[in-house]
């Protein structure tokens, strides 16, 4: 970039700032109460950090707070309209209807947010910040599990659905209905709320398959497998589900920045035939010399991606030596056959990193996975980050704007392949929270935003649960918890 | 909410007892006001205390929540309100009954069932016009319970209609809990019956009252045995005194009830460590291996809480955090402030300030822990202050150089790593020596004294360790002199050996007399 260009940009920036202030003056002059007497040339810190993010036009109001206990005002300025939100304690609650109108009309453009604070009788305005409103909507619901982040003892846990267009959260199933047992690994077929499964462990154990309101309880422990079915991935047809079977252990570090280590001492990958209730397997996915896990089907259904690591002779002593590669194998659904060879997409041994949670975008163009120094349970690894594999040109790169210094882990795609929801421990290092990032057509992640709450500062401070396995679904899951609990307690397993 | 608010003041001495007694008084008085509307007989006044007294006795049951007692108090308040207004208008009265029942169900839970039974009984017994209308309240409660179940708001029928709602969910209440509930409708009925004794002379009335009190007292004392268990009472006291760090009281409770299980032994030894006198008193009490210092992983709330405190004292910070976290998870719908304190401290020690801040914010909202929370806030993001602090600084220095997994290599190895890193944590040193002794770990003890003798860890040998050195070296003078062991101790050991050999040949009674003579020595422990 030449000097002239740099000067040009500086001049343009100043003109833009001046015009912004003029516009602000105009806005403020419309309001008799507010006369800005001073402009502060930096952005005030807000919680959650919603500055310069990309949002869908159907998201609930992104309420936030500033560290100011006196009067303050937020001016929201879209393409065609604007409005103000006043606050007496630094917490801005944006009116839902005005917000919806504003972001819908601003779709494809940016909204400008200016925060003013009252000092004495004067109003001081901070430098505005922006939110880009994407043209593509986000799936209306997300489903996640809420669980205390100890993963050893618990009383309460549950699978919940949250409407992203407002703040409603309702349980799909809570473990209080079945003796506080463990419920986990919920999964949907192509974001379809009518095709769901989850596992229950303990007294009322089994895999629960929910299809169009019909609940089926499956006993998936067979003598030939090392464990009942664990990590699932639906085939796009809904006729098959790939699972890993894992012998998983958990240990607690004495002095490490990672608190807990979860590791497999054996694992395989199999495919479950939903209609015929049988297991399809391949020696390439059931090797004693390797740990295979985290299967995921491509949206076309012809490939099965999974993670695979060389088995080690003693665990947990050698837990740091276990590094998972990203692999792919063909799957012929008509003949129930796997391919004859496995492709290694990302070689863990060569790259000295380990892959978890491969997830292919529904349009088949991208694959997001987490990458960490070792092992597969990335949620407890502070070094784990999100990486993108471009399936067209096989480029692999980190999602820089989405990642943080802390854990980034489980992620899932929206049905239009434009939004990625993922879990991160960046807020306090322990309690997992959910962030949503816009993925543009080039496969680049935009700065993510924390899922909105009516009073985010209070909500997240009080919440003693971690979000776990966030999954997008296009609509509300209609199944009744009571029906699930009835099946869980009374139906015999197939 | 109400119960949770009150309970936070209970750590202050006598506040719990005084508050509860006051509330019992209120409940009894309200019950009496209701009874007075049924009968003019005054001698049955003491009966009005009965329902709340039953609640009081159940409170001693560790699994019963204070919420159950408060909810029952709400029943007496609502009952009094019901008998106060809209008595003549049938619609207003029925609506009020329905309103109070439903409100009570949402506010206080299934005790609303007791309330609906009481108002139905009250209306019948006071011959209220169209008293049967009150039956709708009872129906409403049943329908609400069923609705709650079918919409997954309530998990089981026992939580919709029984005292189990106020009890540890994994356990079931006893008949005593049910009788405590039914005592209120019983009192209402008794008030009605008492009218028929109005014309009796004072002697008959006195006799009746005496009989009534005797029967109830007998039943009360007999059935309450299922609630009052000495072990629970002891546990409550030990837990309270440990939380308040009243170590002398912990020791006196152990003396009062005896040390006959691992948990009590763990409390006692913790108290001694905190006072820095564990090795002076270790063999004054029965010990049964290292588990007497720290029992196996326990999944109860009190067990995990105790283990967390022991691990923290040992300097095994990761294990203390793990147990504190587990302890909090076991509690239903709430948290233990003392475990939140441990989580704050351990996270600060590890430098995980953001999550420590989260827990501090919660404690700042409590009455009893606010001051502590505000005070510890100054350590957030302040490594210098932490290192200078007498607890946090010492415990941070305890963090082992090498990572590993907790407890996997055994308690003794973990303790050795701690004192190797920080030879100034005297609690950890006491626990290490005691663990080695209780494990009867000859090689461990010998290598420990060889490594640490005349260092800060072991400037001089405590008596039990000297006794161990003598015993394991079979009284080898040269070896014992190396560790400053005097001749009189060696000669003591020789006497002990001779007496033991003699006793073995003479029989059991002689053997016991030797044991008694040397009962506080390590040598007797070695014989176990």
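The values are calculated or read from the model by the stated rules, or taken from the named source; none is laboratory data. These figures come from a predicted structure and were not determined experimentally. Positions of Cβ are generated from backbone atoms using ideal geometry, with glycine treated the same way; all protein chains shown enter the neighbour counts.
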Among (1) crowded, with 24+ Cβ neighbours inside 10 Å; (2) farther than 20 Å from residue B:234 by Cβ; (3) within 14 Å of chain A (Cβ to nearest Cβ), the one test that residue B:340 misses: (1)
Members of the stretch B:241-264 that are buried (at least 22 other Cβ atoms within 10 Å of the Cβ) and either within 22 Å of residue B:462 (Cα to Cα) or free of Cβ contacts under 8 Å to residues at least 24 places away in the same chain (or both): B:250, B:253
Qualifying residue in the stretch A:299-320 (condition: over 21 Å from residue A:248 (Cβ atoms), crowded, with 16+ Cβ neighbours inside 10 Å and in contact with a helix residue (DSSP H, G or I) (Cβ under 7 Å, 6 or more places away or on another chain)): no
Among the candidates B:375, B:326, residue that is under 30 Å from residue A:315 (Cβ atoms) and in a helix (DSSP H, G or I): B:326
Matching entry among B:169, B:110 (being in the same structural domain as residue B:35 (by TED's automatic domain parsing), at pLDDT below 90 and buried (at least 17 other Cβ atoms within 10 Å of the Cβ)): B:169
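Condition check ((1) within 30 Å of residue A:175 (Cα to Cα); (2) touching a strand residue (DSSP E or B) at 6+ places or on another chain (Cβ under 8 Å); (3) in contact (Cβ under 8 Å) with a residue 40 or more places away in the chain; (4) not assigned by TED's automatic domain parsing to the domain that holds residue B:163) across all residues:
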{"position": "B:81", "(1), (2), (3), (4)": "no, no, no, no"}
{"position": "B:96", "(1), (2), (3), (4)": "no, no, no, no"}
{"position": "B:100", "(1), (2), (3), (4)": "no, no, no, no"}
{"position": "B:122", "(1), (2), (3), (4)": "no, no, yes, no"}
{"position": "B:133", "(1), (2), (3), (4)": "no, no, yes, no"}
{"position": "B:140", "(1), (2), (3), (4)": "yes, no, yes, no"}
Residue match in the stretch A:108-121 (condition: at pLDDT 95 or above, over 26 Å from the mean Cα position of the chain (by Cα) and in a loop (DSSP other than H, G, I, E, B)): no
Residue that is nearest to the chain's Cα centre (by Cα), among those in the stretch A:383-411 that are within 19 Å of residue A:450 (Cβ to Cβ) and touching a residue at least 40 places away in the same chain (Cβ under 8 Å): A:411
Candidates B:381, B:431 - the one that is assigned to a loop (DSSP other than H, G, I, E, B), more than 9 Å from chain A (Cβ to nearest Cβ) and at pLDDT 95 or above: B:381
Criterion violated by residue A:131 - all others in (1) within 14 Å of chain B (Cβ to nearest Cβ); (2) outside any loop (DSSP other than H, G, I, E, B) satisfied: (1)
Counted residues, the stretch B:392-417 - those being within 23 Å of residue B:298 (Cα to Cα), part of a helix (DSSP H, G or I) and more than 8 Å from chain A (Cβ to nearest Cβ): 4
In the stretch A:382-404, the residues that are closer than 27 Å to residue A:257 by Cβ and not in a strand (DSSP E or B): A:382, A:383, A:384, A:399, A:400, A:401, A:402, A:403, A:404
Evaluation of residue B:367 against (1) within 12 Å of chain A (Cβ to nearest Cβ); (2) farther than 30 Å from residue B:445 by Cα (one fails), failing number: (1)
Residues that are surrounded by fewer than 20 Cβ atoms within 10 Å (Cβ to Cβ), more than 14 Å from every other protein chain (Cβ to nearest Cβ) and touching a residue at least 60 places away in the same chain (Cβ under 8 Å), drawn from the stretch A:412-433: A:415, A:416
Scan of the stretch B:391-410 for residues that are within 18 Å of residue B:457 (Cα to Cα) and either buried (at least 22 other Cβ atoms within 10 Å of the Cβ) or in contact with a strand residue (DSSP E or B) (Cβ under 7 Å, 6 or more places away or on another chain) (or both), ordered by number: B:395, B:398
Residue in the stretch B:344-361 that is within 20 Å of the chain's Cα centre (by Cα) and either within 13 Å of another protein chain (Cβ to nearest Cβ) or on the phi < 0 side of the Ramachandran plot (or both) present: no
Boolean, residue A:175 is crowded, with 18+ Cβ neighbours inside 10 Å, within 27 Å of residue B:322 (Cα to Cα), touching a strand residue (DSSP E or B) at 6+ places or on another chain (Cβ under 7 Å) and at the interface with chain B (Cβ under 10 Å from one of its Cβ atoms): yes
Matching residues, the stretch B:2-18, being within 17 Å of residue B:60 (Cα to Cα) and without any contact (Cβ under 8 Å) to a residue 60 or more places away in the chain: B:7, B:10, B:13, B:14, B:15, B:16, B:17, B:18
Complete set of residues in the stretch A:226-272 that are within 19 Å of residue A:215 (Cβ to Cβ), surrounded by fewer than 18 Cβ atoms within 10 Å (Cβ to Cβ) and in contact with a strand residue (DSSP E or B) (Cβ under 6 Å, 6 or more places away or on another chain): A:238
